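Enquirer: Got a structure for you, written out below as structure tokens; questions coming shortly.
The values are calculated or read from the model by the stated rules, or taken from the named source; none is laboratory data. Quick caveat, the model's predicted, so the values are computed rather than measured. With ideal geometry, Cβ positions are generated from the backbone for all residues, glycine too; neighbour counts draw on all protein chains shown. All accessible areas refer to the heavy atoms of the entire protein, side chains included, with ligands and DNA or RNA removed. Shrake-Rupley method; radii C 1.70, N 1.55, O 1.52, S 1.80 Å.
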Amino acid sequence: MFERQKQAFFNYRKHVNDRQLVAASGDKAEYSCEAGSPKFYALCAFGGLLSCGLTHTAVVPLDLVKCRIQVDPDKYKSLGNGFKVSVKEGGAKSLTLGWAPTLVGYSMQGVGKFGFYEAFKILYSNILGEENAYLYRTSMYLAASASAEFFADIFLCPMESVKVRIQTTPGWSTTLREGAPRIMKEEGIRGFYKGLVPLWSRQIPYTMMKFACFEKTVEFLYKYVVPKPRSDCSKSEQLVVTFVAGYIAGVFCAIVSHPADSIVSKLNASEGGSVVSAAKELGMAGMWKGLGPRIIMIGTLTALQWFIYDSVKVAFRLPRPPPPEMPESLKRKLAAQS
């Protein structure tokens, strides 16, 4: 079984590669590597690093206010009020608090999220076989994204812990350089990973929605909205479809993962505590505080992340498979049955 999985992981099926070599435009584009090769995974990981690291850092002010609304809703009553109070107390510069752990943490997460997703999607596709990979592609997207995010969150969790402390705890350290050693000194390694379980609870459903919804939305747009086949679209037109599909996926991501996000913010805002105690303190209504700004933030983030990631694939001439089509063997089977 292990040998079978190992072979499936490193040897992407020839029929998939053949489809990918026709992908980005109507021309027979030459790609810089094969899907499933070490170079392919390395460049996908680099694309993930850029897409997650840059976008999350760009929206640090919005993220800061969102976290403060979740942790102290009596003081920060709304998005506008949260910005007003934050600037009044700490000046405009205070809106950038937590930018360093955000940049480092989410860059590392992006490596795992996108790089591992490509790897697991190829692995599961080859285990299922061509026909089942098509029939059960949504389940495959969900399984691959969940598997990738499991590891990506282990990369993210230490920096997320520092970021939330910086942003939500008055009088606490204000830089990564001061905050990380402080957590290690006061709480040990547990202080960096006490939010891992709620982080998984937030990020795994989020990422499953992010990838599965994106893949299905792209498929829907090319089938029902875009007036010509993807092979006839220019790269810039394809990237517009990527952005639109990413934003739609982001809205759903924000909704399904918001309660867990509130628990993570509450848990990391202070020493001690547990997932259960944080959930009880917040209450059902409290878990949904800050949803509005998070929809704006995550919708924009997800759209930009997919746009940057796809742009990296274009820039490095990586294989970009077109929307899935029913295999000829399956068409023949269905025709014979009818």
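Enquirer: Taking the residues in segment 279-310 that are surrounded by fewer than 17 Cβ atoms within 10 Å (Cβ to Cβ) and among the small types (G, A, S) as candidates, determine which candidate is farthest from Y31 (Cα to Cα).
Expert: Among those that are surrounded by fewer than 17 Cβ atoms within 10 Å (Cβ to Cβ) and among the small types (G, A, S), it is G283.
Enquirer: Another question, then. How many residues does segment 177-227 contain that are at pLDDT 90 or above and either outside any helix (DSSP H, G or I) or not hydrophobic (A, V, I, L, M, F, W, C) (or both)?
Expert: Residues flagged as at pLDDT 90 or above and either outside any helix (DSSP H, G or I) or not hydrophobic (A, V, I, L, M, F, W, C) (or both) within segment 177-227 amount to 23.
Enquirer: Kindly evaluate F83 against the criterion of being touching a residue at least 40 places away in the same chain (Cβ under 8 Å) and surrounded by fewer than 20 Cβ atoms within 10 Å (Cβ to Cβ).
Expert: no
Enquirer: Looking only at segment 95-121, how many residues end up being under 20 Å from S173 (Cα atoms), in a helix (DSSP H, G or I) and either open to solvent by 30 Å² or more (accessible area, probe 1.4 Å) or free of Cβ contacts under 8 Å to residues at least 24 places away in the same chain (or both)?
Expert: Number of matching residues: 4.
Enquirer: Now for a separate question. Could you pull out the residue among A245, A249 that is modelled with pLDDT of 90 or more, in contact with a Cys (Cβ under 7 Å, 6 or more places away or on another chain) and part of a helix (DSSP H, G or I)?
Expert: None of the other options fit; the residue is A249.
Enquirer: To continue, here is another question. Being open to solvent by less than 20 Å² (accessible area, probe 1.4 Å) and β-branched (V, I, T) is the filter here; which residues of segment 181-210 pass it?
Expert: Those that are open to solvent by less than 20 Å² (accessible area, probe 1.4 Å) and β-branched (V, I, T): I183, T207.
Enquirer: Looking for whichever is at pLDDT 90 or above and of a type in the set (S, T, N, Q) here; the options are S25, S37. Which one fits?
Expert: S37
Enquirer: Which of the residues spanning segment 311-338 are in a helix (DSSP H, G or I), open to solvent by 60 Å² or more (accessible area, probe 1.4 Å) and farther than 30 Å from G47 by Cβ?
Expert: E328, K331, R332, K333, L334, A335, A336, Q337
Enquirer: Starting from segment 130-152, take each residue that is closer than 10 Å to A212 by Cβ and list its partners that are aromatic (F, W, Y), counting only C-beta distances under 6 angstrom and pairs at least six apart or across chains.
Expert: Every condition considered, the pairs that remain are M140/Y124; Y141/F211; A143/Y124; A144/Y117; A144/F120; A144/Y124; S145/Y117; S145/F211.
Let's see how each residue does on (1) assigned to a helix (DSSP H, G or I); (2) buried (at least 23 other Cβ atoms within 10 Å of the Cβ); (3) modelled with pLDDT of 95 or more; (4) at negative phi:
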| position | (1), (2), (3), (4) |
| --- | --- |
| A143 | yes, no, yes, yes |
| L156 | yes, yes, yes, yes |
| E160 | yes, yes, no, yes |
| K163 | yes, yes, no, yes |
| S173 | no, no, no, yes |
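Enquirer: For segment 41-77, what are the residues that are assigned to a loop (DSSP other than H, G, I, E, B) and touching a residue at least 40 places away in the same chain (Cβ under 8 Å)?
Expert: V59, D72, P73
Enquirer: Can you find, within segment 30-59, the residue that is surrounded by the most Cβ atoms within 10 Å (Cβ to Cβ) among those that are hydroxyl-bearing (S, T, Y) and within 12 Å of the chain's Cα centre (by Cα)?
Expert: S51
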